[in-house]
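Taking it in order: structure first as structure tokens, then the write-up.
Only the coordinates and a few stated rules stand behind these numbers; no lab work does. Computed from a prediction, not measured in an experiment: that's the story for all the values here. Quick reminder, even Gly has a Cβ in these numbers, built from the backbone with ideal geometry, and neighbours come from all protein chains shown.
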Amino acid sequence: MTLRFAHLCLPLLALSACNLITFSGGSSASPSATSESSAAADQPYAPSAASLEWFQTCSAHYGRQMKDWEPLLKESRTLIAETKSLPYYEAASKLSVQSEKLCIEGAKVSSGGLKWHNDAGVRLEVVLELARRSVERKYKTWLLSSNYRNFIADEVPFTGNDEFDRNSFCVAVQQKGLTLSNGERFAPLSGQPSGAAHWLDAAEFERFRTKQDAVLKSYQDTLTGIDELAAAPGDDGKSYAVQGDYGKVIGVKKDGTALVASLAHITVPYTCQHSGNYRFNGVEWTDCDYVDAAPVVSYKFSARFDEVPASGIKAGDTISFVGLVNGKVVFDAKKPDAKWESTTLYRIDRGKKPVFAVNTVDLCRG
């Protein structure tokens, strides 16, 4: 029987994006296997004493780190549960704020170089819930930056299943190693393939692999659903990529249960403020400090919102959103009748402060 082990990854479109290793009793590796597959094929399913001892040490490190992460885990999972019953805008805002908080608070927790405290693990649970809520919307909101998408292709979130999470952690350590709080390095076990679960026997490995496949499929389906929303059908039956716009609210009026905002797309050009002249290589040069000039109204348009966040929309606000223009996406929105429909807000600024924001999720800085 051939058993397959996938390095822990979260493929965005297909499982072929994963780094797959094939275990086989003497048969050749699959075409998707890496250069490590030949070593992996020889991995015994009767774990050695060295493997079991290594896993015992790794498991102890996992236990200590999970204790440090527990407050963040508990807070985040409680929030995820609470937001399931909330309207989209309220839920999306809370989840977005939590993802940013995890960058800040998670950085204070020793991660051993695995980053499961912020970008992966804990934070990924929150981000994926935000992605799920976005799928409920008819049109796509820009939630995950390409940087973050590329990063999470190599990670899985915590599941709450201690056996699976512990094995996942140690698979990552076998691949990347672990930096301890005292600065010492807990290295992968020598002689074993990178990312291999070499401490599991055949039955344990099959149980782990089955759970892993289910976890990967769940999150793959979520992210694929987001990707499918990148194209929305227009009123002519064709599909157009959903785009966005922003503008300053000139006025607001009711249209049944919906809200229609009149907006002005405003740009701020810059101008040269001369600060001195000098001569270089026989040529006269002028120093120039670029400063903002007076704001300019590029064009006016309107946008219809079937629902809005609790903050509402008021004259003077600056709002950002995604949707369709006159039933389709066109970049020639500089027409008096240009109207955005099927819109989803992702930011409202009132004065100099945001009163609502669903931030694009990117890698934690630092």
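Computed 3J(HN,Hα) for the stretch 174-183, one whole-Hz value per residue from the Karplus formula 6.51 cos²θ - 1.76 cosθ + 1.60 where θ = phi - 60°, is 5, 8, 10, x, 9, 8, 7, 5, 8, x, glycine and proline marked x.
For the listed peptides 252-265, 167-180, a ranking on the average number of other beta carbons within 10 Å per residue, highest first, reads 167-180, 252-265. The phi-based Karplus calculation (6.51 cos²θ - 1.76 cosθ + 1.60; θ = phi - 60°) puts the 3J(HN,Hα) values of the stretch 73-80 at 4, 4, 4, 5, 5, 5, 5, 4 Hz, whole numbers, x for Gly and Pro.
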